[in-house]
Amino acid sequence: AWQDSEIQQVGWFNEFNYYAKTGKFMASARLDYNTGKANEESKLFQQLYGDTKENQLNHSLSTGYSHYLSKNSQLSLWLGRAQRSGSLTERFMNLFVIGLDAYEILGNPHLKAETNNQMDLIYTYKREKVYFQVDGFYSYLQDYISGVINSSITPYSKMSPGVRQMKNVDKAFKTGIESTFNWQFAPKYKTELAMAYTYAEDLTTKNPLPEI
């Protein structure tokens with residue numbers, strides 16, 4: 001199922017912080033060199049993809065500013081662009097069920113790096129025993145990595161309804177809101193409540209993404 005596959009990655013990260021009386025500014029950059037290959041390729045992979053070795057150079061940039069509204073609260077705006085290469089499952093899984101349904105996953109070693117362009121607006125309130133945060137975000141995705149049902153490939157198991165092949169979705173978006181509340185109501189006890197909602201859509205087909 002795993003084809004004795006491997007991924008190696010080396011990266012460089014740098015962050016800059018500037019503090020002022022009214023807020024904090026931060027900028028960061030990351031550069032990654034990612035290489036992956038299958039050492040024991042299946043006949044199906046050889047037929048579909050040929051050479052499975054792939055090298056990718058990914059870069060990520062982000063910047064943000066947090067404005068202090070009061071002693072206990074702040075409002076932050078973050079902008080970022082991040083790239084990631086496919087995981088071991090997404091690139092090299094060979095007809096194996098992994099996920100929420102019985103479809104077998106077929107990886108794709110030639111997946112393009114997924115690019116996420118995201119904006120977050122975050123409100124944070126913090127006191128000695130109380131913490132609250134709410135984050136509204138919008139994400140524009142390029143070459144989003146997702147599974148597409150391919151009826152032309154026969155699944156390995158007769159119990160499986162079909163094969164979900166990993167491919168890049170040209171353009172997609174995600175948007176939503178996340179919120180967390182934490183209260184330490186006694187010296188050794190605290191309670192936490194977290195809520196999140198996300199909607200995601202393939203911008204080409206106008207269909208919701210199959211997985212978030």
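Do we have any residue at all in region 189-197 that's of a type in the set (Lys, Arg) and surrounded by 11 or more Cβ atoms within 10 Å (Cβ to Cβ)?
Yes, some residue in region 189-197 is of a type in the set (Lys, Arg) and surrounded by 11 or more Cβ atoms within 10 Å (Cβ to Cβ).
If only one of Ser179, Ser139, Ser157, Ser151 is surrounded by fewer than 17 Cβ atoms within 10 Å (Cβ to Cβ) and modelled with pLDDT of 95 or more, which one is it?
Sole residue among the options that is surrounded by fewer than 17 Cβ atoms within 10 Å (Cβ to Cβ) and modelled with pLDDT of 95 or more: Ser179.
For region 74-101, enumerate the residues that are open to solvent by 50 Å² or more (accessible area, probe 1.4 Å) and among the aliphatic types (A, V, I, L, M).
Leu75, Leu77, Leu79, Leu88, Val97, Ile98, Leu100
The conditions are (1) open to solvent by 30 Å² or more (accessible area, probe 1.4 Å); (2) in contact (Cβ under 8 Å) with a residue 24 or more places away in the chain; (3) within 22 Å of Ile212 (Cα to Cα), and Tyr123 fails exactly one of them. Which is it?
(3)
The values are calculated or read from the model by the stated rules, or taken from the named source; none is laboratory data. All values reported here derive from a predicted model rather than from experimental measurement. When we count neighbours, we look across all protein chains shown, and the Cβ atoms used for this are built from the backbone with ideal geometry, even at glycine. Surface areas here come from the heavy atoms of the whole protein model, side chains and all, with no ligands, DNA or RNA. Shrake-Rupley method; radii C 1.70, N 1.55, O 1.52, S 1.80 Å.
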